Amino acid sequence: MENQIIKNWISRFVKGIFIALGFILPGVSGGVLAAILGLYERMLDFMAHVRQNFKRDFWYFLPVGLGGIVGIILLSNPLSYLLTTYKAVVLWGFAGAIVGTLPTLFKESSKTGRHWSDWLVLFATIIIGGVFLYNVAGLVGQLPVNFFSWLLAGGLIALGVIVPGLSPSNFLLYLGLFKPMIQGFKRADPGVFIPIALGGLVTLLLLSKIMHFLIRQYHAKVYHVILGIVIVSTVLIIVPPVADYSGFNLVSGIASALLFLIGTSIGLWMSQLEEKYK
């Protein structure tokens with residue numbers, strides 16, 4: 001009995017390490033990985049009804065959370081190096097991974113049917129969201145790195161858990177928070193970890209019930225908004241000022257194209273896994 005408990009604990013710890021990929025890799029959703037690993041439904045139920053069975057669920061998800069922290073620290077070092085040395089090329093790979101998830105996200109948006117007004121919501125989101133995000137960078141630049149921006153980062157990461165298929169890291173890239181976040185994770189900096197954890201926890205507590213209600217009542221509209229935001233943010237991470245093309249040459253272009261295709265293949269594969277284990 002005791003050996004089985006230890007095995008289950010280790011299993012959930014390892015699952016937490018894999019879910020960490022959804023926190024720091026653009027194109028990968030923590031919610032999708034949680035669904036693949038069989039944790040999503042219980043996780044969402046825990047977040048939406050935190051007072052019920054709190055003690056039982058807290059101890060169940062504790063190794064998942066610890067595994068997530070360990071996974072973030074382990075993965076941040078190589079990711080930080082790649083973004084520092086080959087930023088534009090790596091961003092094309094990330095963009096491909098996001099593009100690979102779009103067919104599944106598009107399919108999910110029509111799960112309850114698709115009305116002409118849903119197309120209107122999608123195009124309006126792309127146009128308004130694109131103009132807003134692009135001009136925000138032009139007017140105020142990328143967000144400063146401080147306590148409040150880390151709270152926002154935590155909130156975006158939590159949204160990637162609540163909404164399977166939504167990858168928060170591409171938003172963080174565009175806002176200029178991704179690289180400093182990865183560097184902070186690499187150092188295990190509490191000044192980064194603590195506000196991100198607070199922002200994530202507050203978002204989970206405030207929005208899990210709301211998101212559950214909105215998806216249940218307005219599934220198509222919500223997913224068309226998500227789809228529009230994902231499309232816009234994906235395009236914007238591979239254009240200046242996010243992607244730096246100084247020193248970009250033919251070899252860089254070929255490498256970017258190859259990584260884009262590889263990323264797209266990985267995104268499609270992850271989406272197929274989600275469908276299989278949903």
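The values are calculated or read from the model by the stated rules, or taken from the named source; none is laboratory data. Here the structure is a predicted model, which is why all the values come from computation and not from measurement. Quick reminder, even Gly has a Cβ in these numbers, built from the backbone with ideal geometry, and neighbours come from all protein chains shown. What goes into the accessible areas is simple: the full protein's heavy atoms, side chains included, and nothing from ligands, DNA or RNA. Shrake-Rupley method; radii C 1.70, N 1.55, O 1.52, S 1.80 Å.
Looking only at the range 111-132, count how many residues are open to solvent by 40 Å² or more (accessible area, probe 1.4 Å), more than 11 Å from Ile229 (Cα to Cα) and touching a residue at least 60 places away in the same chain (Cβ under 8 Å).
5
I'd like the full set of residues that are within 22 Å of Leu204 (Cβ to Cβ), surrounded by fewer than 21 Cβ atoms within 10 Å (Cβ to Cβ) and modelled with pLDDT under 75, limited to the range 4-24.
Within the range 4-24, Leu21 is the sole residue that qualifies.
Out of the residues in the range 45-54 that are at pLDDT 75 or above and not β-branched (Val, Ile, Thr), state the one that is most open to solvent (accessible area, probe 1.4 Å). Before the answer, list the steps.
Step one: of the range 45-54, the residues at pLDDT 75 or above are 45-47, 49-54.
Remaining after also requiring not β-branched (Val, Ile, Thr): 45-47, 49, 51-54.
Numbers: Asp45: 81, Phe46: 33, Met47: 23, His49: 74, Arg51: 223, Gln52: 114, Asn53: 88, Phe54: 103 Å².
Ranking the qualifying residues of the range 45-54, first place goes to Arg51.
Any residue at all in the range 212-219 that's surrounded by fewer than 19 Cβ atoms within 10 Å (Cβ to Cβ), part of a helix (DSSP H, G or I) and at pLDDT 85 or above?
no
Inside the range 90-207, counting only helices (runs of 4 or more DSSP H) that do not spill past its ends, which hold 3 or more residues that are closer than 26 Å to Tyr40 by Cα and aliphatic (A, V, I, L, M)? Give the steps one after another, and end with the answer.
Details: elements: 116-140, 147-162, 169-174, 178-186.
It comes to 147-162.
Please tell me if Gly27 is modelled with pLDDT under 80, in contact with a helix residue (DSSP H, G or I) (Cβ under 8 Å, 6 or more places away or on another chain), small (Gly, Ala, Ser) and surrounded by 19 or more Cβ atoms within 10 Å (Cβ to Cβ).
Spelling it out, Gly27 is indeed modelled with pLDDT under 80, in contact with a helix residue (DSSP H, G or I) (Cβ under 8 Å, 6 or more places away or on another chain), small (Gly, Ala, Ser) and surrounded by 19 or more Cβ atoms within 10 Å (Cβ to Cβ).
Take the residues in the range 238-277 that are closer than 16 Å to Pro103 by Cα and at pLDDT below 75, then tell me which one is surrounded by the fewest Cβ atoms within 10 Å (Cβ to Cβ).
It comes out as Lys276.
Is it true that Val235 is open to solvent by 70 Å² or more (accessible area, probe 1.4 Å) and assigned to a helix (DSSP H, G or I)?
Yes, satisfied.
Regarding Phe147, is this residue among the aromatic types (Phe, Trp, Tyr) and over 20 Å from Gly68 (Cβ atoms)? Before you say what the answer is, go through the steps one by one.
Details: among the aromatic types (Phe, Trp, Tyr): yes; over 20 Å from Gly68 (Cβ atoms): yes.
Taking the combined requirement at face value, the residue satisfies it.
Can you pull out the residues in the range 149-173 that are more than 13 Å from the chain's Cα centre (by Cα) and either of a type in the set (Val, Ile, Thr) or open to solvent by less than 20 Å² (accessible area, probe 1.4 Å) (or both)?
Hits for the range 149-173 are Ser149, Trp150.
Based on this model, can you work out whether Ser265 counts as within 16 Å of the chain's Cα centre (by Cα) and on the phi < 0 side of the Ramachandran plot?
Spelling it out, it is not the case that Ser265 is within 16 Å of the chain's Cα centre (by Cα) and on the phi < 0 side of the Ramachandran plot.
Of all residues in the range 31-43, how many are at pLDDT 75 or above, assigned to a helix (DSSP H, G or I) and either among the acidic types (Asp, Glu) or surrounded by 15 or more Cβ atoms within 10 Å (Cβ to Cβ) (or both)?
Start the filter on the range 31-43 by keeping residues that are at pLDDT 75 or above, which leaves 34, 39, 42-43.
Those still in the list that are assigned to a helix (DSSP H, G or I) too: 34, 42-43.
Next cut, either among the acidic types (Asp, Glu) or surrounded by 15 or more Cβ atoms within 10 Å (Cβ to Cβ) (or both) only: 34, 43.
Adding up the residues that qualify gives 2.
Condition test on Gly67, is it open to solvent by 30 Å² or more (accessible area, probe 1.4 Å) and either modelled with pLDDT under 80 or not hydrophobic (A, V, I, L, M, F, W, C) (or both)? Can you show your working first?
Details: open to solvent by 30 Å² or more (accessible area, probe 1.4 Å): no; either modelled with pLDDT under 80 or not hydrophobic (A, V, I, L, M, F, W, C) (or both): yes.
Considered against the rule, which asks whether it is open to solvent by 30 Å² or more (accessible area, probe 1.4 Å) and either modelled with pLDDT under 80 or not hydrophobic (A, V, I, L, M, F, W, C) (or both), Gly67 comes out as no.
Say we look at the range 174-190 and pick out the residues that are open to solvent by 40 Å² or more (accessible area, probe 1.4 Å) and more than 14 Å from Ile69 (Cβ to Cβ); which of these is modelled with the lowest pLDDT? Lay out the reasoning, then the answer.
In the first step, residues of the range 174-190 are kept if they are open to solvent by 40 Å² or more (accessible area, probe 1.4 Å); the result is 179, 183, 186-190.
Keeping just the survivors that are more than 14 Å from Ile69 (Cβ to Cβ) gives 179, 183.
Working: Lys179: 82, Gln183: 85.
Residue satisfying both the conditions and the ranking: Lys179.
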